[in-house]
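A.B. asks: Once you've had a glance at the structure underneath, I'll fire off some questions.
The values are calculated or read from the model by the stated rules, or taken from the named source; none is laboratory data. Everything quoted here is computed from the prediction, not taken from an experiment. Positions of Cβ are backbone-derived with ideal geometry, glycine not excepted, and every protein chain shown enters the neighbour counts. Areas reflect the complete protein model, heavy atoms only, side chains present, ligands, DNA and RNA absent. Shrake-Rupley method; radii C 1.70, N 1.55, O 1.52, S 1.80 Å.
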Amino acid sequence: MKKIRLIDTTLRDGMHAVSHQFSTEDVSAVVKALDDAGVDTIEVSHGDGLGGSSFQYGFSKATEEAYLKAAAGAMTNAKLCVLLLPGIGTHKELEMAANAGAKVVRVATHVTEADIGEQHIKIAKSLGMEAIGFLMMSHMVDVDKIVEQAKLFESYGADAVYVTDSAGAMIPTQITERIAAVKKAVSIPVGHHAHDNMGLAIGNSIAAIQAGADIVDGTCRGAGAGAGNAMTEVLVGVLDKMGYATGIDLYKIMDAADDIVMPRLHRPPMITKESLSIGYAGVYGSFLLHALRAADKFNVDARDILIEMGRRKTVGGQEDMIIDVAYELANRK
């Protein structure tokens, strides 16, 4: 029976679903429940990673150091993980996270920019952390480019590399093609992070595993940017039925999702016309709330904003362009 590592990112990607307003008490409660259920690795950060609490991305309710210390204090067996986007997070935030108890960091770059993560991978290794390369927006380039960038991460000393569908834009055949190619090209574990903007997060995660992926991500109740992520509790059930081992207790992860996480969510994760537009247009999942606010301010359709952002091939970090696009659309009316 093949073991699949499942990283739960309810307290990182799920931060988007609560505008980064989980309290430290929320973090402790969720971590305790996930740890008790047997989750191997639990990711805790601002939705946009270390250093993301800002005017640009939205301010967190507490400091990341406070979140991480609360999480570390609630763990018995799981490993504490953080996300870092070079340019948003720096070596200072990474060192803080390590000192606060983080054992794993996922260094997230645009799919063509693994080179900007080299120093962060090496710093993480010097701190004794597991370092994972995280190639975002992987739908935007061809397979050969993804393989090239995955091999770069491996050469920097990454312990694993991810093919990430940040926009929830890919279909299973695209996932299969990308994961299989990367798995063939590298000697380190390969992971997949899915979003549900087109209703394919579970299906794409299964396609990734069948193509050779060793790690997949989930969030309780699917909480996350856009329409959310693959639901951790559903992944556990599906993988168990397929004969894969996760080490996670199905009843306990169900209880964590329904009894601990769901009451703390501001809005239930769902595929709306706007989040579907994110997947269709292939734009970054965290654009959703920014687009909704801009649409309301300028009296335009949020779908038009998102489709235009996709046409311009925008990526994470270009949230400020949403206002420009909304303004331009309003002036055309």
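A.B. asks: For the range 37-57, which residues satisfy the criterion of being of a type in the set (Ser, Thr, Tyr) and within 19 Å of His290 (Cα to Cα)?
C.D. replies: Ser53, Ser54, Tyr57
A.B. asks: Then there is this: Could you tell me whether the range 67-88 includes any residue that is closer than 22 Å to Gly316 by Cα and among the aromatic types (Phe, Trp, Tyr)?
C.D. replies: no
A.B. asks: Of all residues in the range 180-199 being open to solvent by less than 10 Å² (accessible area, probe 1.4 Å) and in a loop (DSSP other than H, G, I, E, B), which is modelled with the highest pLDDT?
C.D. replies: Only one residue tops the list, namely Ala194.
A.B. asks: Determine whether the range 120-143 contains at least one residue that is farther than 23 Å from His195 by Cα, assigned to a helix (DSSP H, G or I), in contact with a Pro (Cβ under 8 Å, 6 or more places away or on another chain) and not small (Gly, Ala, Ser).
C.D. replies: For the range 120-143, residues farther than 23 Å from His195 by Cα, assigned to a helix (DSSP H, G or I), in contact with a Pro (Cβ under 8 Å, 6 or more places away or on another chain) and not small (Gly, Ala, Ser): present.
A.B. asks: Looking at (1) without any contact (Cβ under 8 Å) to a residue 24 or more places away in the chain; (2) within 10 Å of Asn197 (Cα to Cα); (3) of a type outside the set (Gly, Ala, Ser), which is the one condition that is false for Thr272?
C.D. replies: Result: Thr272 passes all but (1).
A.B. asks: Mind counting the residues in the range 128-154 that are closer than 15 Å to Lys183 by Cα and more than 14 Å from the chain's Cα centre (by Cα)?
C.D. replies: Counting residues in the range 128-154 that are closer than 15 Å to Lys183 by Cα and more than 14 Å from the chain's Cα centre (by Cα) gives 12.
A.B. asks: Additional query: Considering only residues that are within 19 Å of Ser286 (Cβ to Cβ) and open to solvent by 30 Å² or more (accessible area, probe 1.4 Å), which ones fall in the range 200-230?
C.D. replies: Once the filter is applied, which keeps residues that are within 19 Å of Ser286 (Cβ to Cβ) and open to solvent by 30 Å² or more (accessible area, probe 1.4 Å), the range 200-230 yields Leu200, Arg221.
A.B. asks: Which residue out of Glu113, Glu130, Glu177 is touching a helix residue (DSSP H, G or I) at 6+ places or on another chain (Cβ under 9 Å), closer than 19 Å to Lys313 by Cα and surrounded by fewer than 18 Cβ atoms within 10 Å (Cβ to Cβ)?
C.D. replies: Glu113
A.B. asks: OK, next. Among the residues of the range 180-238, how many are over 13 Å from the mean Cα position of the chain (by Cα) and at positive phi?
C.D. replies: Here the count works out to 3.
A.B. asks: Further question: Does the range 290-311 contain any residue that is closer than 20 Å to Asp48 by Cα, in contact (Cβ under 8 Å) with a residue 40 or more places away in the chain and open to solvent by 20 Å² or more (accessible area, probe 1.4 Å)?
C.D. replies: Looking through the range 290-311, none of the residues is closer than 20 Å to Asp48 by Cα, in contact (Cβ under 8 Å) with a residue 40 or more places away in the chain and open to solvent by 20 Å² or more (accessible area, probe 1.4 Å).
A.B. asks: Can you name the residue in the range 312-332 that is open to solvent by less than 40 Å² (accessible area, probe 1.4 Å) and not in a helix (DSSP H, G or I) and, of all such residues, is farthest from Gly224 (Cα to Cα)?
C.D. replies: Among those residues, the one meeting the criterion is Thr314.
A.B. asks: With respect to Thr164, determine if the residue is closer than 30 Å to Leu289 by Cα and open to solvent by less than 10 Å² (accessible area, probe 1.4 Å).
C.D. replies: Yes.
A.B. asks: Continuing with this model, one more query. Among the residues of the range 241-286, how many are of a type in the set (A, V, I, L, M), assigned to a loop (DSSP other than H, G, I, E, B) and open to solvent by 40 Å² or more (accessible area, probe 1.4 Å)?
C.D. replies: Total satisfying the criteria: 2.
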